[in-house]
Amino acid sequence: MEITNGGAAGAQSSIGATSETGSRFEKALGKDAFMKLLVAQLKNQNPLNPLQGTDFIAQTAQFTSLEQLQQINTSLAKLTAASNGGSNTSLDAALAAGYIGKAVTANGAVFDLGIGGSAALSYSLPSPATVTIQISDLQGNPVRTLQLGAQAAGQGSIAFDGLDDNGRLLPSGRYSYKVTATDAAGGSAAGAGAVSGQVTGLNIEGGQPLLIINGSLIPLSAISQVSLASQG
């Protein structure tokens, strides 16, 4: 009998301890979640060996940590969605600024086409290859395909006459181009790009950061290789 009474007293003591602990964790866990946890612990504990306050604190701390992790995941998801949606200009600009001074190879560049004018489109080849240049408007619609044929390794350039595939003069404005290179076996030539060189600056246009390389404007999505610039 004494054992039973002692167990009851211990249970009451435990209830007092856990109630005091609950006041500290209630706000972090939420009222409903805390009360459910407290009731479950009290209903299932052994009257002869009641749950100790330290054990209860450890368990509630685990629940609190889980809730904090869920909040962090929610925040990261919102940040990722904002970045993918193009609304986080500051984050993209900060990322782009980190490329300044670096040597970059990019397969894709933006260029200006004047009224009735032409534009020089450069490219870089790590090895001899057959080269095709695809020109598109800024919405991604192809407007001209240039077949350059076999080209030597290194830096190259071609003068674009400003005409579309039907021989009509394109409206003035901005366009983009991308290089496709195939080796002698007909496979893709690794390392080919529209521009290769050191990043010397950064422009923010229409909420999009554009790197400046040899006078060309490069979107971040076009970067294929980054390395430290030569100090020679």
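Throughout, read-outs are computed from the coordinates displayed, never taken from laboratory work. Fair warning: this is a prediction, and the values are worked out from it, not measured in the lab. When we count neighbours, we look across all protein chains shown, and the Cβ atoms used for this are built from the backbone with ideal geometry, even at glycine.
Overview of results
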item	result
For segment 91-228, size of Cβ-based charge dipole, Lys and Arg +1, Asp and Glu -1, in debye	140
Potential extension, residue 166-residue 134 segment - 0.36 nm per residue separation minus Cα distance	10.1 nm
Highest to lowest packing among 117-123, 152-158, 106-112, scored as the average C-beta count within 10 Å	106-112, 117-123, 152-158
Estimated distance in nm for a label pair at residue 127 and residue 183, the labels positioned 7 Å out from Cα along Cα-to-Cβ	0.3
Farthest positive-ward along segment 91-228 dipole, Cα basis, beta-carbon charges - from 133, 99, 221	99
